[in-house]
Structures are given as structure tokens and as C-alpha cells.
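All remarks here apply to the structure that follows.
The values are calculated or read from the model by the stated rules, or taken from the named source; none is laboratory data. Note that the coordinates shown come from a computational prediction; the quantities given were computed from them, not determined experimentally. Backbone-built Cβ (ideal geometry, glycine too); neighbour counts: all protein chains shown.
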């Protein structure tokens, strides 16, 4: 059972990161939109964007997976920091690759420190009651 909890936890982290990436992707054309698309009509149009809807669905899948592993006894005090920091690392790296966002050496150093922290934290995270 422990390996299934780890797998579902990793899938939830993946879907959380993917949701953020899809939401960013759905907003890329917003700055080029004409002024008449601002306001409530612009919000409705943005909400109906299939990429945005995919992002929302990924958030939902991540939430369901996260809830599942918490229900199986995963400690919230350990799961939440690992969940958020792992997603943070994934989003940073994918943003650099797909959105051409430049990562500075301090961000790479931060990624390294977060990875060490995640590793130290996760060492006892999956000791389920």
C-alpha cells in the first residue's frame, strides 16, 4: 500500500504543476487582446478557453489525489510542504523550458536547497499509520 500512496502523491504533484502551466498557457494571448474584450466579457471568454478548463481539471485531479493520500494516513505536516515545494520546482523548470523564462543562479541555488529540504522531509513522510 505504501508504494501506491507514493505514486498517487507524485501524480497529484504532477497534476498541480501541470494546472499552473496550462493556466499560464491560456493567458499568453491576453495582452494582445483588444480593449473591448476587457471586463466581464473578457473574463467569460478566458474562462471558456479550453486550455484554462484543462488547467482547472488538473487542479481538481491534483486535489482528489492529495485528499486520497491524506486519507490514507499521510501526515499533513509533511505532505503539504513536500507537495508545494515539489510543484514549485517542477513549475520553475518547465517555465524555463517552455516559456523561455530565465532562471538566475540564485533560483538554481534555491531549487537545490528546496530539493535537499524535500529529501530530508520526505525521508519519514511515507511512514503511514
So for the range 88-99 (the condition being part of a helix (DSSP H, G or I), closer than 16 Å to residue 6 by Cβ and at pLDDT below 90), does at least one residue qualify?
no
If the requirement is being part of a helix (DSSP H, G or I) and either at pLDDT below 90 or within 16 Å of residue 6 (Cβ to Cβ) (or both), which of these qualifies: 57, 62, 17, 109?
62
Criterion first (within 21 Å of residue 122 (Cβ to Cβ), at pLDDT below 90 and not in a helix (DSSP H, G or I)) does residue 103 satisfy it?
no
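Please specify each residue of the range 45-54 satisfying the condition of being loosely packed, with under 11 Cβ neighbours inside 10 Å and either assigned to a helix (DSSP H, G or I) or at pLDDT 95 or above (or both). Spell out the reasoning first.
Within the range 45-54, the subset loosely packed, with under 11 Cβ neighbours inside 10 Å is 48, 50.
Of everything in the range 45-54, just one residue is loosely packed, with under 11 Cβ neighbours inside 10 Å and either assigned to a helix (DSSP H, G or I) or at pLDDT 95 or above (or both), namely 50.
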For the range 24-36, indicate whether the set of residues that are assigned to a helix (DSSP H, G or I), at pLDDT 95 or above, within 17 Å of residue 95 (Cβ to Cβ) and within 12 Å of the chain's Cα centre (by Cα) is non-empty.
no
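Conditions (1) farther than 17 Å from residue 10 by Cβ; (2) surrounded by fewer than 17 Cβ atoms within 10 Å (Cβ to Cβ); (3) touching a residue at least 40 places away in the same chain (Cβ under 8 Å), marked per residue:
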position	(1), (2), (3)
43	yes, yes, no
56	yes, yes, no
60	yes, yes, no
68	no, yes, yes
78	no, yes, yes
85	no, no, no
93	no, yes, no
105	yes, yes, no
115	no, yes, no
